[in-house]
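For reference, the structure is listed below as structure tokens.
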Amino acid sequence: MQDQPLTKEQRRRYDRHIILDKFGIEGQRRLLDAKVLVVGIGGLGSPIVQYLAAAGVGHLGMVDGDTVSLTNLQRQVIHATPDIGRPKVEVAEKRVKELNPDVETTSHLTFLSEENALDIIRDYDFIIDATDNYATKYLLNDVCVMQKKAFCVGGINKYSGQVTTVRPGSPCYRCLFPYPPEENEVETCATVGVLGPIAGILGTIQATEAIKHLTGTGEPLYGRLLTFDALTMQWQTISFSHDADCPLCGSKPSITELHEYSFMPCHKREAAEHTKKNNV
């Protein structure tokens, strides 16, 4: 793609990128050449997928084994009421095609697991964690570090959120949080809720981080954790460095193969609680 000139229609579509200082045609070509994988097409994944498609990322992969439910619609804005019951990746793929025919898509109608993670991420340049559970976040961190893939981790809870970006050689998510909390310490969206727009704010930041990394524009959040509190409208950036005792990328790593924790994601917890209630 980089050897091919942009078409007249592409120049028109991406004009506001092309005229940006430090971005230009070269930045747009890099996006058109890029392959980005978004894991989780929910609250965070909704704005991520739409903004990356609009920006002209050449190939978008989407991973999610869930279907759209009514409780999703308060924050998962890529889905609509008529989509209830449909696979989330199917809905997202249709939206991407409507938004930008330049973008090729690959849908993975499955949940990421230790059995499929390596195969799924292998062909992508940048990975985005847009999931709602620690099991997948740590699995994604581990597989990306092992495969030397750049990635962005995001999380939201109640009125707040946080984002960091990792590239080969930078501190990883485990340098900051070596191990997940105990399962009984984990708050879920199904039990404590989340303010809908928080997903849009943090997801849009993750999309921005992907674009910055892929085009070499600005300073992504390598070795920095960005936090946001909507109740006070305060942002904080916390710098962190390599942990020599990191179980994954430290001097004597104890994690040398993929291991998936047993935390239950929100959608599975909701389904299990619904089934239990109806069986009582």
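For Cys175, the criteria (1) out of contact with any strand residue (DSSP E or B) (no Cβ under 6 Å at 6 or more places or on another chain); (2) closer than 22 Å to Gly43 by Cβ hold in every case but one, which is (2). Can we say Ile25 is of a type in the set (A, V, I, L, M, F, W, C) and either assigned to a helix (DSSP H, G or I) or more than 30 Å from Leu195 (Cα to Cα) (or both)? Taking the combined requirement at face value, the residue satisfies it.
Only residues that are among the basic types (Lys, Arg) and touching a residue at least 40 places away in the same chain (Cβ under 8 Å) were counted across region 213-257, and they come to 1. The residues of region 45-74 that are part of a loop (DSSP other than H, G, I, E, B), in contact with an Asp or Glu (Cβ under 8 Å, 6 or more places away or on another chain) and of a type in the set (A, V, I, L, M, F, W, C) amount to a single one, Val68.
On the stretch given as region 75-103, residues that are among the β-branched types (Val, Ile, Thr) and not in a helix (DSSP H, G or I) total 4.
Just one of the numbered conditions (1) buried (at least 19 other Cβ atoms within 10 Å of the Cβ); (2) among the hydrophobic types (A, V, I, L, M, F, W, C); (3) in contact with a Gly (Cβ under 8 Å, 6 or more places away or on another chain); (4) in a loop (DSSP other than H, G, I, E, B) is not true of Val38; which one? All conditions pass for Val38, except number (4).
For Gly218, the stated conditions hold: it is modelled with pLDDT of 95 or more, over 20 Å from Asp245 (Cβ atoms) and touching a helix residue (DSSP H, G or I) at 6+ places or on another chain (Cβ under 9 Å).
The condition of being open to solvent by less than 30 Å² (accessible area, probe 1.4 Å) and either assigned to a loop (DSSP other than H, G, I, E, B) or closer than 21 Å to Gly27 by Cβ (or both) does not hold for Glu219.
Of the residues making up region 87-113, just one is in contact with a strand residue (DSSP E or B) (Cβ under 6 Å, 6 or more places away or on another chain) and surrounded by fewer than 14 Cβ atoms within 10 Å (Cβ to Cβ), namely Glu104. Is at least one residue of region 172-185 hydroxyl-bearing (Ser, Thr, Tyr), surrounded by 20 or more Cβ atoms within 10 Å (Cβ to Cβ) and farther than 17 Å from Tyr134 by Cα? No, because not a single residue in region 172-185 is hydroxyl-bearing (Ser, Thr, Tyr), surrounded by 20 or more Cβ atoms within 10 Å (Cβ to Cβ) and farther than 17 Å from Tyr134 by Cα. Of all residue pairs spaced 6 or more apart or on separate chains, those with beta-carbon atoms under 8 Å, a first member in region 9-28 that is under 17 Å from Thr208 (Cβ atoms) and open to solvent by less than 90 Å² (accessible area, probe 1.4 Å) and a second member that is outside any helix (DSSP H, G or I) and of a type in the set (Val, Ile, Thr) are Phe23/Thr217; Gly27/Thr217. State yes or no: is Pro5 closer than 28 Å to Glu219 by Cα, of a type outside the set (Gly, Ala, Ser) and at pLDDT below 95? Against the criterion (closer than 28 Å to Glu219 by Cα, of a type outside the set (Gly, Ala, Ser) and at pLDDT below 95), Pro5 qualifies. Between Ala190, Ala199, the distinction of being assigned to a helix (DSSP H, G or I), at pLDDT below 95, open to solvent by less than 60 Å² (accessible area, probe 1.4 Å) and of a type in the set (Gly, Ala, Ser) belongs to Ala190 only. Taking the criterion of being part of a loop (DSSP other than H, G, I, E, B) and open to solvent by 20 Å² or more (accessible area, probe 1.4 Å), the residues of region 114-130 that qualify are Glu114, Glu115, Asn116, Arg122, Asp123, Asp125. Scoring Gly65 on the criteria (1) closer than 28 Å to Ser262 by Cβ; (2) buried (at least 20 other Cβ atoms within 10 Å of the Cβ); (3) in contact with a Phe, Trp or Tyr (Cβ under 6 Å, 6 or more places away or on another chain) leaves a single failure, condition (2).
The values are calculated or read from the model by the stated rules, or taken from the named source; none is laboratory data. Just so you know, these numbers come straight off a predicted model, no measurement behind them. Using ideal geometry, Cβ is built from the backbone for each residue, glycine included, and neighbour counts are taken over all protein chains shown. Side chains included, ligands, DNA and RNA excluded: accessible areas come from the protein's heavy atoms. Shrake-Rupley method; radii C 1.70, N 1.55, O 1.52, S 1.80 Å.
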